[in-house]
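Bear in mind that the values in this text are calculations on the coordinates, not laboratory data. Just so you know, these numbers come straight off a predicted model, no measurement behind them. Because the Cβ atoms are built from the backbone with ideal geometry, glycine has one as well, and the counts that use them run over all protein chains shown.
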Amino acid sequence: MKKVSIWASGGGSNARCIMEHLSTVPGMEVAVVVTNRAKSGVRDIAREYGIPDVLIGKDQLADQDSVLQLLSDNYDVDLIVLAGWLLLIPPYLVDAYRGRMINIHPSLLPKYGGPGMYGMHVHQAVHDSGDEVSGMTVHHVTEQYDEGGIILQARVALDPDDSPQRIAERVLQLEHRYYPIVVEELLRFPYSS
Ligand code: GRF
């Protein structure tokens with residue numbers, strides 16, 4: 001069985017799409033959901049799918065031995081999938097899962113990425129720039145926010161009168177369509193550098 005760990009801080013709509021998709025793919029599963037917020041919606045979604053969830057706050061994230069033990073000994077994780085995870089991943093974890101940890105970002109990186117560029121900040125910036133397209137990027141995770149190698153980008157045309165909220169909806173639709181497929185492909189054909 002190929003195993004995914006989804007890491008999410010927020011509502012978890014991408015997490016839901018990945019859980020739903022992998023529940024239909026033989027030989028693959030979401031083994032554990034990690035969140036840093038006790039009240040994040042992703043915990044309820046995990047329960048709906050019967051998937052265990054674990055709370056890892058900033059302090060626990062610094063505890064290298066227990067995090068690595070959880071991922072490798074307890075759940076035998078092949079791929080870490082960040083889906084709205086807001087804390088910076090510490091270097092020990094980037095190292096341990098290099099090439100096996102991916103993130104999704106709601107813009108066409110390298111535009112509108114980096115520290116402080118998350119959620120509506122991104123869509124507001126796209127809106128204010130007058131760009132005619134936006135999109136999403138799935139990329140490998142490195143020690144810096146939003147800087148790892150790009151795996152897939154998908155773009156969507158914007159209307160001049162799109163509000164930041166409308167841009168967010170358009171981009172989220174793309175994320176839901178493509179992220180589960182990227183996860184499946186990477187489990188099937190692991191990345192090697
Ligand atoms: C998505 O827009 C993703 O690109 C970003 O965080 C958001 C998570 O949304 N990294 P959700 O919690 O999956 O709805």
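Between LEU71, TYR92, HIS127, whose Cα lies farthest towards the positive end of the dipole of the chain when Lys and Arg beta carbons carry +1 and Asp and Glu beta carbons carry -1, centred on the Cα centre?
Of the candidates, LEU71 comes out farthest on the positive side.
Return the single residue from TYR118, TYR49, TYR145 with maximal mean-square fluctuation; model: Gaussian network over the chain, springs between Cα atoms under 10 Å.
TYR49
How much length would be gained if the chain were fully extended between SER66 and GLU147, taking 0.36 nm per residue of separation minus their Cα-Cα distance, in nm to one decimal?
The SER66-GLU147 span can extend by a further 26.5 nm.
Between GLU185 and ASN74, what is the label-to-label distance in nm when each label sits 7 Å out along the Cα-to-Cβ direction?
According to this spin-label approximation, the distance is 3.2 nm.
Using only Cα positions of the chain, each an equal point scatterer, no hydration layer, compute I(q)/I(0) via Debye at q = 0.08, 0.18 Å⁻¹ and quote the log10 values to two decimals.
-0.24, -1.25
So if we plug the beta-carbon distance of SER13 and VAL156 into 1/(1 + (r/R0)^6) with R0 = 22 Å, what FRET efficiency do we get, rounded to 0.05? Show your work: numbers first, answer last.
Details: r = 17 Å, r/R0 = 0.75.
Computed FRET efficiency for SER13 and VAL156 comes out at 0.85.
Tell me, what does the Kirkwood hydrodynamic radius of the stretch 18-123 come to in angstroms if you use every pair of distinct C-alpha atoms? Display every interim value, and only then the final one.
Details: mean 1/r = 0.0658 Å⁻¹.
Its Kirkwood hydrodynamic radius stands at 15.2 Å.
Where in the stretch 160-183 does the label zone of TYR49 land, with the point 7 angstrom along Cα→C-beta and an amide N cut-off under 15 Å?
Label zone hits: 176-183.
Considering only THR35, THR24, THR137, give the residue with the highest GNM mean-square fluctuation for the chain, with springs between Cα atoms whenever their separation is below 10 Å.
Maximum among the listed residues: THR24.
By how many nm would the segment from SER163 to ARG37 lengthen if fully extended, with 0.36 nm per residue of separation less the alpha-carbon distance? Walk me through the numbers on the way to the answer.
Numbers: separation 126, 0.36 × 126 = 45.36 nm, distance 2.88 nm.
Taking 0.36 nm per residue and subtracting the Cα distance, the gain is 42.5 nm.
Separation between the LYS111 and GLN124 pseudo-spin-labels, each 7 Å from Cα along Cα→Cβ, expressed in nm?
With each label placed 7 Å out from Cα toward Cβ, I get 1.9 nm.
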